[in-house]
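Following: one structure in structure tokens, then a few remarks.
The values are calculated or read from the model by the stated rules, or taken from the named source; none is laboratory data. In this text the structure is predicted, and so the values were computed from the model without any measurement. Don't worry about glycine lacking a Cβ; one is built from the backbone with ideal geometry, like all the others, and counts go over all protein chains shown.
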Amino acid sequence: MATSKTITVLYVDDEIHNLNSFIATFRKEFNVLTARSAIEALEIMKKNPVHIVITDQRMPGMTGVDLLIEVLGRYPNAMRVLLTGFTDLTAVAEALSKGQVHYRMEKPWDEEQIRTVINAAHEISLLRQKGGRSVA
């Protein structure tokens with residue numbers, strides 16, 4: 001398991017209380033960045049190396065799936081996690097089958113599940129890096 005602050009996680013959600021909750025829960029374990037929109041998330045990723053992107057599906061302007069497709073195109077080594085509450089299951093299933101999303105989790109998120117997914121995603125990134133594929 002990675003040590004504190006070695007994993008940079010970008011959490012994207014248009015609901016400020018969800019962002020604040022995520023920061024409060026995980027800031028001591030991970031380097032946490034947050035964004036209130038997909039556009040803001042992409043701007044943050046231009047300036048910061050991000051290992052894992054966790055995004056809500058339902059956001060104004062761009063869905064979580066659409067954001068993760070953009071992330072895949074621009075930052076293919078970033079691990080991509082989708083949080084769903086209300087969602088278009090067809091779009092989510094298609095994104096999962098095409099490899100555009102690594103993990104899907106239900107909202108409201110569970111602290112232990114998110115922690116497990118972050119650590120598992122980071123381990124996958126490390127294995128890819130050792131296999132000759134670079135990591136974000």
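Observations on the structure shown:
- Residue selected from region 83-122 under the condition surrounded by 13 or more Cβ atoms within 10 Å (Cβ to Cβ) and of a type in the set (Asp, Glu), by the criterion farthest from Val12 (Cα to Cα): Glu94
- Residue that is on the phi < 0 side of the Ramachandran plot, touching a Lys or Arg at 6+ places or on another chain (Cβ under 6 Å) and free of Cβ contacts under 8 Å to residues at least 60 places away in the same chain, where the choices are Val32, Val101: Val101
- A single member of Ala2, Ala35 is at pLDDT below 95 and not β-branched (Val, Ile, Thr), and it is Ala2.
- Which listed residue is within 19 Å of His122 (Cβ to Cβ) and either without any contact (Cβ under 8 Å) to a residue 60 or more places away in the chain or among the small types (Gly, Ala, Ser) (or both), from Val65, Val92, Val53, Val9: Val53
- One residue stands out in region 41-66 among those that are touching a strand residue (DSSP E or B) at 6+ places or on another chain (Cβ under 8 Å), part of a helix (DSSP H, G or I) and at pLDDT below 95: the one that is surrounded by the most Cβ atoms within 10 Å (Cβ to Cβ), namely Gly64.
- Tabulated pairs, region 109-122, first more than 19 Å from Gly99 (Cα to Cα), second modelled with pLDDT of 95 or more, C-beta under 6 angstrom, 6+ apart or interchain: Glu111/Thr25
- Hey, Ile16 loosely packed, with under 13 Cβ neighbours inside 10 Å, β-branched (Val, Ile, Thr) and more than 26 Å from Leu127 (Cα to Cα) or not: yes
- Given (1) in a loop (DSSP other than H, G, I, E, B); (2) touching a residue at least 60 places away in the same chain (Cβ under 8 Å); (3) more than 24 Å from Arg128 (Cα to Cα), index of the condition Thr25 fails: (1)
- Check on Ala91, within 18 Å of Val32 (Cα to Cα) and either modelled with pLDDT under 85 or of a type in the set (Gly, Ala, Ser) (or both): no
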